[in-house]
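Participant: My structure is below; once you've seen it, I'll send some questions.
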Amino acid sequence: MAHFNWEYREASTVLSCGGLRQQFSVPENIQMSLYGAEFLRNIDKHLSVEGCDPPDVQFNPSGYLFLASEKGAAQLEDNAKIQRELGAKMELLTSKKLKKKFPWLNTEDIALGCHGLENEGWFDPWLLLHALKRKSIATGAEYVTGEAIGFEFKRQEDILAEGVEEGTYEGLDRLLVRTDDGEVRPIKFAIAVIAAGADSGNIARMARIGVGSNLLSVPLPVERRKRFVYVFHCENGPGINSPFLCDMSGMYFRREGLGGNYITGLSPPPQLEPSTDNLDVDYQYFNDYIWPLLAHRVPSFEAVKVKSAWAGYYDYNTFDDNGIVGPHPYYNNLYIAAGFSGHGLQQAPAVGRSIAEMIVDGGFQTINIARLGYDRLMLLEPLEESNII
């Protein structure tokens, strides 16, 4: 069962690092994040509400810096070529140039770096969520506090579906929601979108996806993954020109304000995946796995102090780590927008627009993201990123 927390305490959005970048290898991801940058740049136009202060998500345009060893340098260069062709502004820096631009960086084992010059950085996720919610309410949306516990189905004898006996097709009709007072209430809908983040796979199973036959036999491969984010302090660490650095080890860090504070994290190998039963933080994981990588990449990080930490859930796509966007092949009134594996917040504006275009116009009008559709799951054709965390 998926629990909707009205205060968003466990929502992936507010527990994310709020990053925005175009440094991907899949063109659709680059294009969606470019639109995400445009959306934030013109947020007044998109999300202003009469009588309220203009939205401000406190965007910090310090850019991303991806690093590569000799082994990964060619792939990083290929990625940068695709990014530039699609309009992203990147610079490739050799080890020598990296050292000159970022003198605090240990470049001994680095062959190449890719640094974003425009439309990259980070912002406050809560402020964006608040602005989106406020705007949607102002345009007529209603929010319901409750827990989705199942769907109701309706026989539609006029619909033909592969593998289904004529006249026996059952479509989605209503969602059952348990409210805070324990009452179960139905919500009838014409169209539904599963966009429940890390719980999207559970919601899909309620709709018989992955537990039925034929077109319903392929599950939505989205599940929770817990990730730790640590806040640490370093007196003599990188200054205001510090980018959002992504090391070839998978470790990342960025500044958090201007007082010598930083945040960092590292996705664990499969054998160290933490339990998703709670959002407790493993502080020893920082000491054993992250601190050595930090101290190697930035020598001044040999002397750091962890101040706090938090954990959040990724809506992890176990098939290929990429978002699944578009209609479900069995239900004619169900769309999917899930599985972004840590990239969802920056791509949310483009995904929302794409789903709206499919519903209103019958197809993608702005960015063709058909390759992110459900078909790739059924055809066993993963769409994977290269040299990207």
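The values are calculated or read from the model by the stated rules, or taken from the named source; none is laboratory data. Model, not experiment: these values are computed from the prediction. Glycine gets a Cβ as well: all are built from the backbone with ideal geometry, and neighbour counts include every protein chain shown.
Participant: Quick one: which residue in 188, 133 is surrounded by fewer than 12 Cβ atoms within 10 Å (Cβ to Cβ), among the basic types (Lys, Arg) and out of contact with any helix residue (DSSP H, G or I) (no Cβ under 9 Å at 6 or more places or on another chain)?
Facilitator: Exactly one of 188, 133 is surrounded by fewer than 12 Cβ atoms within 10 Å (Cβ to Cβ), among the basic types (Lys, Arg) and out of contact with any helix residue (DSSP H, G or I) (no Cβ under 9 Å at 6 or more places or on another chain), namely 188.
Participant: Inside the range 17-29, can you point out the residues that are surrounded by fewer than 23 Cβ atoms within 10 Å (Cβ to Cβ), under 18 Å from residue 368 (Cβ atoms) and among the hydrophobic types (A, V, I, L, M, F, W, C)?
Facilitator: Once the filter is applied, which keeps residues that are surrounded by fewer than 23 Cβ atoms within 10 Å (Cβ to Cβ), under 18 Å from residue 368 (Cβ atoms) and among the hydrophobic types (A, V, I, L, M, F, W, C), the range 17-29 yields only 26.
Participant: Let me ask another. Look through 283, 316, 331 and report the one residue that is among the hydroxyl-bearing types (Ser, Thr, Tyr), more than 24 Å from residue 385 (Cα to Cα) and surrounded by 18 or more Cβ atoms within 10 Å (Cβ to Cβ).
Facilitator: Residue meeting the stated conditions: 331.
Participant: To continue, here is another question. When the residues of the range 332-345 are narrowed to those that are modelled with pLDDT under 95 and outside any loop (DSSP other than H, G, I, E, B), which ends up nearest to the chain's Cα centre (by Cα)?
Facilitator: Within the range 332-345, the match that is nearest to the chain's Cα centre (by Cα) is 344.
Participant: While we're on this one: Starting from the range 113-128, keep only residues that are among the aromatic types (Phe, Trp, Tyr) and in a helix (DSSP H, G or I), then list their pairs with residues that are surrounded by fewer than 24 Cβ atoms within 10 Å (Cβ to Cβ) and at pLDDT below 95 whose Cβ atoms are within a distance under 7 Å, requiring at least 6 positions of separation or different chains.
Facilitator: Within 7 Å, the pairs are 126/14.
Participant: Another question about this same structure. Exactly one of (1) more than 20 Å from the chain's Cα centre (by Cα); (2) buried (at least 19 other Cβ atoms within 10 Å of the Cβ); (3) among the aromatic types (Phe, Trp, Tyr) is unmet by residue 244. Its number?
Facilitator: It fails just one condition, (1).
Participant: Give the residues of the range 106-119 that are crowded, with 21+ Cβ neighbours inside 10 Å and of a type outside the set (Val, Ile, Thr), sorted by residue number.
Facilitator: Matches in the range 106-119: 112, 113, 114, 115, 116, 119.
Participant: If you take the residues in the range 257-266 that are modelled with pLDDT of 95 or more and within 20 Å of residue 14 (Cβ to Cβ), which one is nearest to the chain's Cα centre (by Cα)?
Facilitator: 265
Participant: Could we say that residue 356 is over 16 Å from the mean Cα position of the chain (by Cα), assigned to a helix (DSSP H, G or I), without any contact (Cβ under 8 Å) to a residue 24 or more places away in the chain and farther than 30 Å from residue 152 by Cα here?
Facilitator: no
Participant: Output the residue which, of all residues in the range 38-77 that are more than 20 Å from the chain's Cα centre (by Cα), closer than 23 Å to residue 367 by Cβ and charged (D, E, K, R), is surrounded by the most Cβ atoms within 10 Å (Cβ to Cβ).
Facilitator: So, considering only residues that are more than 20 Å from the chain's Cα centre (by Cα), closer than 23 Å to residue 367 by Cβ and charged (D, E, K, R), the one surrounded by the most Cβ atoms within 10 Å (Cβ to Cβ) is 44.
Participant: Of 64, 35, which residue is closer than 29 Å to residue 139 by Cβ, of a type in the set (Phe, Trp, Tyr) and in contact (Cβ under 8 Å) with a residue 12 or more places away in the chain?
Facilitator: 35
Participant: Inside the range 83-94, can you point out the residues that are part of a helix (DSSP H, G or I) and crowded, with 17+ Cβ neighbours inside 10 Å?
Facilitator: Selection gives 83 alone.
Participant: Next up: What is the residue count in the range 206-227 for residues that are of a type outside the set (Gly, Ala, Ser) and either farther than 30 Å from residue 374 by Cα or surrounded by fewer than 16 Cβ atoms within 10 Å (Cβ to Cβ) (or both)?
Facilitator: Result for the range 206-227: 2.
Participant: If you don't mind, there's one more thing I want to ask. When the range 359-376 is examined, which residues are found to be part of a helix (DSSP H, G or I) and buried (at least 21 other Cβ atoms within 10 Å of the Cβ)?
Facilitator: Answer for the range 359-376, where residues must be part of a helix (DSSP H, G or I) and buried (at least 21 other Cβ atoms within 10 Å of the Cβ): just 372.
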